[in-house]
Each structure stands twice: as structure tokens, then as C-alpha cells.
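The values are calculated or read from the model by the stated rules, or taken from the named source; none is laboratory data. Being a predicted model, the structure only gives us computed values, none of them experimental. Here the Cβ is made from the backbone with ideal geometry for all residues, glycine too, and neighbour counts use every protein chain on show. The accessibility values were calculated without ligands, DNA or RNA, using every heavy atom of the protein model including side chains. Shrake-Rupley method; radii C 1.70, N 1.55, O 1.52, S 1.80 Å.
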Amino acid sequence: MKKGIVAALSVLFLLGGCAPTFEKQDQVVQENKSDEGEKAIIPSFQISENYYKTMLPYETSETRGVVVNDLGSRYDINEIETGLMRVAQNQFPTDEYFFKEGKYLDKETVDSWLQRKYTSKQLKDKKMKESENVGLNPVQEDGDTEPIYLAHLVEHNYLMKTEGDKVRLGGVVIALSLNSVQYETNMSSGARTVKNISNEELKQQGMAMAEEVVKRLRQKDGLKNAPIMIALYKQAPKDQRVPGHFFAYSTAGNGEDSIQDWNDVNESHYLFPSPEAADAHPNDYKVFKTLKDDVEDYFPVYTGLTGQALYEDDKLAKMEFEVALTFEGKTETIGFAQHLASMITKHVPESWDMKLTISSSDGPEALIVKKKGSKETYVHIYE
């Protein structure tokens, strides 16, 4: 068991691409309205430069869990969080800022902003006040089929260290998750139709909403001067097996209540195997196919190799493979993992950053990791 624990820790550090340094953790005071502030801990260990250090004790957002209900695809739930951290690094470097879950948007606020805007008549019918008419989605009157564009909001806070072992808010990052399709149901027949929403339409709607979000955030205590970044996320349709992606972001600087310029984000996800991946990235697909065929020659009883790839600026940034086993013997698992590791060393280019999970009906059985710039693989067998 001890060997298993050591191996698991080794894989964790290797996944980050660096060795741990167990230096003394910094105790700091987070500035707030109180003269004394709030004491917090900054961990000394950072997995890699791609990840932020997280303030301790960890404080969860009031909107935690809402994302599960609002996003149509389970693949979007993780991607919107991790992807937002990638986008945030364009403004808030990981060696200068620390991550904290959002605290300025509570569940009631997020729920109200996700609603439609209402006409005077609709407000009267719903017995609502004009002050409650804060929905960011467009008005829909009788007979209209106006889409629900905004599906969810995610807030991240980034803190920076100041003099005297203190930290203060360095910036707020908001993701606006936008629906890429519109679902309509025929009330007489019950048939459902799906209409794609164009990228141009999504961007126009997202930019308009972003302006309003910045203005509203500026009214909140503590956000009058902090930089506010807004990132636009295109949510995947419900039947997709890959997540959506961020496609634009902009930042309102200190004290600014409007957004001037937008920056494009060129990210995309592909499923392997799929015709889309074969057409868009034939060289990577050839590597995948060679690995898949080689494994099948030796282990015909396994249920298949699948992969999900992230591309940034049309270059492979991350590849995650998964293999499902139909056998459960530990010796078979070990043999299978060893063979896969040797095949990865043989076929996969050094430029790939990848991991492969071997699983069965009981859960994960083994993990294989290969870091970018190396042909060497690291294998962990779960006990």
C-alpha cells in the first residue's frame, strides 16, 4: 500500500511537470472593510506555471453547484472552469496572482440575470417591480421565438500580494456561457427542432451583455476600481461528446465601466476517433489510429481507445485518452498498461502532452502520463 501511495504522489507531481518544494507557507492578511482583515495561507507548492496557487482556507462560492443545472453538456461543466483559468492568464499571470472562488455574485443575483428582460405588461402579469427586471436575455413577446443566449455565469477572483504580508483583490474574471443552439418544441405535435445560433450572433449578444455586466459590477462594494475581465464561452449542444470553448475576452481596466477592445481566443476540442478530427488534424489522427490498431493486435478483448484533444491556435495543447477494459484481472491490467506505455513511447511524438486512463466497471485501473518534450512515460497502477 505504501508503494501505491508513493507512486500516486509521484504521478501527481509529474502531471504538473515539476518537482515539489516544501517551503514554509506564507501567512497573509486579506484586506477588507475590517481593520484587522482576514488571515489566509498561500501554499508554497505550485503544481506548475499553468495553475494558480489557491488561498487557504478554501472558500466556496455561493453559486457553487448552479453550473450543473445551467449547462447543457456535462463536458462543459469542467471546461468552463479550467478554460476560464487559461483565459485569465492573459491578464493575471500565475506567478503574481492567487485564485479564489467568486464572492461578488450570489445565487439569487445569477438566477435573476439569467432570466429574460420583460415588457411592462409582462412585469404586471408576473407581479414584478421594474427594479427586478434585470434579466440579460432578450424580451420574448407572444409569437416570438427569441433564443435564450445566456446559459450561465461563472465568477473567479484573483488576489495579489501587497506590502506588509497582505493580499488584496487584483481582478475579477467573469465567464458568460452562451448557447450555441436554440431548442424549440412544437406544442401541438411535441416535436423538437434544433436551430444553430451563428458565431456572429453569439458574439454580438455576448459583447452587449458584457457591457451591462461590467456596469452592474461597478456598483458593488470593492469593485469600483478593480480590473474586470469578461470571457465569452460557446457552450456545446447537449448531444456533443466534447465541450464547448472560449472564443473572445476583454478587460475593463481600473475604474472603467465600459469595454473597448475584444481579443479572439482560438481554442477547439476534438473527439478521437471522429471524422471532424480526421479532417482537421490528419497527422495527429494518424498517430491515434496507429496506436489504436497496434493495441488491438495484442489485446483484442478491450472495448476501444478514445481520446479528447484540446487545440490552441490550431496546435495540440493536450490529449487525454481513455481505454475501457472488459477483463478485471490485476495481472492482465499490469500487462496491458505496460504494453500501452511502450506503444506510446514508440508512436507518440515528443511534442504531445498526454495522459491515458485505463478503467473498468470498478473504476480507474491505471494511469499513464507523458509530458511534452519527452518520450518517457510514467505508469501508476491503482491498488
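Between LYS220 and LEU271, how high is the FRET efficiency from 1/(1 + (r/R0)^6) when r is the Cβ-Cβ distance and R₀ = 35 Å? Nearest 0.05. So the FRET efficiency works out to roughly 0.30.
Residue ranking by accessible heavy-atom surface, 1.4 Å probe, largest first, among THR331, THR357 comes out as THR331, THR357.
Counting only residues at least eight positions apart within a chain, or on another chain, the aspartates and glutamates with an alpha carbon under 15 Å from that of LYS292 are ASP284, GLU320, GLU322.
Taking every lysine pair in the range 107-211 that is 8 or more places apart or spans two chains, those with Cα atoms closer than 16 Å amount to 4. Sparse packing (at most 15 other Cβ atoms within 10 Å of the Cβ) combined with a DSSP loop state is found for the following GluC sites (Glu not before Pro) in the range 221-324: GLU256. When you filter the GluC sites (Glu not before Pro) in the range 126-217 for DSSP loop state and at most 14 other Cβ atoms inside 10 Å of their Cβ, you are left with GLU141, GLU163. For GLU108 and GLU332, what does the FRET efficiency come to when R0 = 51 Å and r is the distance between their Cβ atoms, rounded to the nearest 0.05? So the FRET efficiency works out to roughly 0.45.
Listed by chain and number, the lysines whose alpha-carbon sits under 22 Å from that of LYS286, ignoring those within fewer than 8 places in the same chain, are LYS315, LYS318, LYS346, LYS355, LYS370, LYS371, LYS372, LYS375. Listed by chain and number, the aspartates and glutamates placed with their C-alpha closer than 17 angstrom to that of LYS234 are ASP70, ASP76, GLU79, GLU81, GLU155, GLU200, GLU201, ASP264, GLU267, GLU312, ASP313; residues fewer than eight positions away on the same chain are left out.
Between GLU320 and TYR58, the FRET efficiency estimated from the beta carbon spacing at R0 = 25 angstrom works out to 0.45. From a point 7 Å beyond the Cα of VAL194 in the direction of its Cβ, which residues of the range 251-281 have a backbone N at a distance under 18 Å? Correct set: 269-272, 274-277.
The order of ARG218, ARG192, ARG168 by accessible area, most exposed first and with a 1.4 Å probe, is ARG192, ARG168, ARG218.
Can you give me the Cα centroid spacing of the range 309-369 and the range 117-146 in angstrom? If you average the Cα positions of each part, the centres end up 51 Å apart. Note on VAL214: accessible area is roughly 0 Å² with a 1.4 Å probe, heavy atoms of protein only.
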